[in-house]
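The block underneath contains the structure these notes are about, expressed in structure tokens.
The values are calculated or read from the model by the stated rules, or taken from the named source; none is laboratory data. Note that the structure is predicted; figures quoted are calculated from it, not measured. Positions of Cβ are generated from backbone atoms using ideal geometry, with glycine treated the same way; all protein chains shown enter the neighbour counts. When the accessible area is computed, the model is the full protein with side chains, heavy atoms only, and any ligands, DNA or RNA have been set aside. Shrake-Rupley method; radii C 1.70, N 1.55, O 1.52, S 1.80 Å.
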Amino acid sequence: MNNFKIGNLRVDRESPAIIIAEAAVEHLGNLHAAKRMADAALECGADVIKYQMHLPEHEMLKGRIKFWGGSLDEILENYNLSVEGHKELIQYCETIGIQYLCTPFCPEAVKILDDLGVVGFKTGSGELTNFPLMEEISKTGKPVIVSSGMSTEDEIENTVNFLKQRDVDFAITHCTSIYPSPYSAINLRYIKTLQEKFKVHSGHSDHTPTMWTAIGAVSYGAKIIEKHFTLSKSLKGPDFEVSLEPNDFKTMVKAIRAVEAATGTGKKEILKDEKVVREWAHHSIVTIKNVEKGDVFSFENLSVKRPGDGLPSSMLPKILGKIAVKDVHVDKQLTLEDVF
């Protein structure tokens, strides 16, 4: 499995997960709000703040996709930032020290973002099979994080092969494209399946209304965590139902880092600081009756008691049935000299 790098952020077996605050268009087209989101994401501990670039005339047929708030193309047009706005955001994020990313939804947006000097791309699940867009990304020579919601495994495989044939550096995020997603639909185990089947680093793009599955994804090997982010759900942005406000996002980041620290090596060992506890908490073999020379050791005259600084209790099965070679008083830790 190749290592993955986007900007100064690396993904390998030992690296912490890249945490992406998905701002999407929760700024509602306001550049000042978009900058405030970058500030807040940085304060929360996110590695990346990710926005979206929509060019509706290139993305969809006009007026064909209807929502309660109107046509999708009209909604996105109202919430869109200008190209100059994105340029200013890139510079702002660099100044404050958080990585800017943006999702393009058409090849034209890829070209614009590439010209703006982005370090890479993050595609939405709807673009998994958008091969004109993927082809344009491949031409840039820049890395991409690919979401895989609402797709078949064959579709994922086709895109993986497409990108590998073009030597694109990429990672895949597992995703459930339901807004909001019920926990029963998340299927965190598929994160490992992606790694094993396609030999790529994988992550999790979360659309539940809470932080819990994003945290749990790390224990399944997710190396990229993307979670929707909003300054306030009261703004009622397009993705507010699946977004976290800053306080919850900050808690999520802390929890992810705690889970990563607790993951360990997968090997069982007695830790240095455990040995002090082990000495008094474990048990030693002791007599519970007076034992005379020639008596047979059994559960009638032996048991185990703390502390564990004598013959370990694990040896009891080997002692049972042996003959005492000397007298041993009651409530004494047994020694090998008493038995052999």
Fill in the blank from the handout: With all protein chains present, the chain has a carbon and sulfur share of its accessible area (1.4 Å probe) in percent of 51
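What accessible area per residue comes out for the range 142-269, rounded to a whole number of Å², with a 1.4 Å probe?
Working: 5990 Å² over 128 residues.
Per residue, the range 142-269 has an accessible area of 47 Å².
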Problem - Cα-Cα over 25 Å, subset of Lys268/Lys289; Lys5/Lys199; Lys5/Lys111 - result: Lys268/Lys289
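Pick out, in residue order, every one of the trypsin sites (Lys or Arg not before Pro) in the range 287-317 that is DSSP loop and has at most 16 other C-beta atoms within 10 Å; say none if there are none. Walk me through the intermediate numbers first.
Numbers: sites: Lys289, Lys293, Lys305; in loops: Lys289, Lys293.
For trypsin sites (Lys or Arg not before Pro) across the range 287-317 that sit outside H, G, I, E and B with at most 16 neighbouring Cβ atoms in 10 Å, the list reads Lys289, Lys293.
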Exercise for the section: Could you work out which residue, out of Ile178, Ile98, Ile285, moves most in a Gaussian network model of the chain, that is, has the largest mean-square fluctuation with Cα springs under 10 Å? Expected result: Ile285
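Looking at the P(r) of the chain, how many percent of alpha-carbon pairs lie beyond 26 Å?
Values: 32503 of 57630 pairs.
Across the chain, Cα pairs with separations above 26 Å total 56 percent.
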Completion exercise
Using eta = 1.306 mPa s and T = 10 °C, Stokes-Einstein with Kirkwood Rh from Cα pairs puts D for the range 143-295, in µm² s⁻¹, at 84
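Taking the range 257-340, which GluC sites (Glu not before Pro) meet the DSSP loop condition and have no more than 11 other C-beta atoms within 10 Å?
On the way: sites: Glu260, Glu269, Glu274, Glu279, Glu292, Glu300, Glu337; in loops: Glu269, Glu292, Glu300.
Here the sparse-neighbourhood loop sites are Glu269, Glu292, Glu300.
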Practice task
Ratio to report: Rg/Rh of the range 253-340, with Cα atoms as the point set and Rh obtained by the Kirkwood method; give two decimals.
Solution key: 1.25
Problem - With DNA, RNA and ligands ignored, accessible area of Arg10 (1.4 Å probe; Å², nearest 10) - result: 110
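Count neighbours as other Cβ atoms within 10 Å of each site's Cβ, and list the chymotrypsin sites (Phe, Trp or Tyr not before Pro) in the range 66-103 that are DSSP loop with at most 16 such neighbours.
Working: sites: Phe67, Trp68, Tyr79, Tyr92, Tyr100; in loops: Trp68.
Sparse-neighbourhood loop chymotrypsin sites (Phe, Trp or Tyr not before Pro): Trp68.
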Fill in the blank from the handout: Env charge @ Gln52, Cβ radius under 12 Å, K,R +1 / D,E -1, value -3
Problem - Virtual paramagnetic centre 7 Å along Cα→Cβ of Glu196, amide N under 17 Å, in the range 1-21 - result: 1
Handout entry: Pairs from Lys50/Lys272; Lys139/Lys236; Lys197/Lys272; Lys50/Lys164; Lys139/Lys192; Lys62/Lys254 whose Cα-Cα separation, in the structure shown, is over 31 Å
Key = Lys50/Lys272; Lys139/Lys236; Lys197/Lys272; Lys62/Lys254
Exercise for the section: Could you tell me the largest-minus-smallest coordinate of the C-alpha atoms of the range 38-186 on each of the three principal axes, in descending order and whole angstroms? Expected result: 42, 41, 34
Practice task
Compute the projected area of the convex hull of the Cα atoms of the range 175-240, averaged over all viewing directions, and report it in nm² to one decimal place.
Solution key: 4.6
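For Thr152 and Thr129, compute 0.36 nm times the residue count separating them, minus their Cα-Cα distance, and round to one decimal in nm.
Details: separation 23, 0.36 × 23 = 8.28 nm, distance 1.06 nm.
7.2 nm is the gain from fully extending Thr152 to Thr129.
Using 0.36 nm per residue of separation minus the Cα-Cα distance, give me the extension gain between Val325 and Glu300 in nm, one decimal. Before the final figure, lay out the partial values.
Working: separation 25, 0.36 × 25 = 9.00 nm, distance 1.73 nm.
Extending this stretch completely gives an extra 7.3 nm.
Set the Förster radius R0 to 25 Å, insert the Cβ-Cβ distance between Asn8 and Ile178 as r into 1/(1 + (r/R0)^6), and round the FRET efficiency to 0.05. Kindly include the intermediate steps, with their values, before the conclusion.
Numbers: r = 33 Å, r/R0 = 1.33.
After rounding to 0.05, the efficiency reads 0.15.
If each residue of separation counts as 0.36 nm, what is the full-extension length gain between Asn30 and Phe240 once their alpha-carbon separation is subtracted?
Working: separation 210, 0.36 × 210 = 75.60 nm, distance 1.60 nm.
Net length gain for the segment: 74.0 nm.
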Handout entry: Solution diffusion estimate, µm²/s, Stokes-Einstein, the range 10-54, Kirkwood Rh from C-alpha pairs, 4 °C, viscosity 1.567 mPa s
Key = 114
Exercise for the section: Could you name the aspartates and glutamates whose alpha carbon sits less than 20 Å from that of Lys293, not counting residues in the same chain fewer than 8 places away? Expected result: Asp327, Asp331, Glu337, Asp338
Exercise for the section: Name the residue, out of Met134, Met60, Met37, whose mean-square fluctuation peaks in a Gaussian network model built on the chain with Cα pairs under 10 Å. Expected result: Met60
Problem - For the chain, built as a Gaussian network whose Cα springs stay under 10 Å, the top-fluctuating residue of Val25, Val200, Val328 - result: Val328
Completion exercise
Taking the range 69-118, the whole-percent share of alpha-carbon pairs separated by over 16 angstrom is 46
Exercise for the section: Would you mind pulling out the separation of the Cα centroids of the range 188-225 and the range 249-325, in Å? Expected result: 37
